[in-house]
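The block underneath contains the structure these notes are about, expressed in structure tokens.
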């Protein structure tokens, strides 16, 4: 009897601790791998509002996950970088950026951070070679190094704010961080759903 009882207790203990979902057992995971693990935890689950419309994920006390999407825009990308990320009006997504872009303008060749170079030129009402974005085809918005929250709704497209791209070198690394809830697009439209 002891031979069956002890292993059964061990299994119950490990299951109650959530051993199958502890991500800290893999400390060398990349951000992309961790996001995939977070999303996979809800694979195939459908969440519906059994009591009618108006119940939000927060009100249902669903667990949310922080997701960080990473992008790189090259200094020579004159068409910008379409991210595929759809910003929802009033739902926060925080953007940060780093990197250096080298350019040549009127004898100036010093590299720039995503904040751009106000000492050289203002273009589109923003510093030259600064990181800017357009949301859903709207007006350009300054991003810089951030943290920045854009306004509007629609796809986020990033641009290096310049007039001539052939002499540029380098790139900006961009992160969009946001919280998502399980649901695969089903339910409340006032938050991001995990993919």
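The values are calculated or read from the model by the stated rules, or taken from the named source; none is laboratory data. Nothing here was measured: the structure is a model prediction, and the numbers come from that model. We place every Cβ from the backbone using ideal geometry, glycine too, and count neighbours over all the protein chains shown.
The set of residues in segment 130-147 that are touching a strand residue (DSSP E or B) at 6+ places or on another chain (Cβ under 6 Å), free of Cβ contacts under 8 Å to residues at least 24 places away in the same chain and either part of a loop (DSSP other than H, G, I, E, B) or more than 13 Å from residue 116 (Cβ to Cβ) (or both) contains only 141.
Considering 152, 183, the condition of being under 24 Å from residue 64 (Cα atoms), in contact with a strand residue (DSSP E or B) (Cβ under 6 Å, 6 or more places away or on another chain), modelled with pLDDT of 85 or more and assigned to a loop (DSSP other than H, G, I, E, B) is satisfied by 152 alone.
Filtering segment 118-129 to residues that are in contact with a strand residue (DSSP E or B) (Cβ under 6 Å, 6 or more places away or on another chain) and at pLDDT 90 or above leaves 124, 126, 127, 128, 129. Across segment 66-76, the qualifying residues are those that are crowded, with 17+ Cβ neighbours inside 10 Å and modelled with pLDDT under 95, and the one among them that is farthest from residue 180 (Cα to Cα) is 75.
Could you please let me know if residue 82 is modelled with pLDDT under 95 and over 29 Å from residue 63 (Cα atoms)? No: the conditions fail for residue 82.
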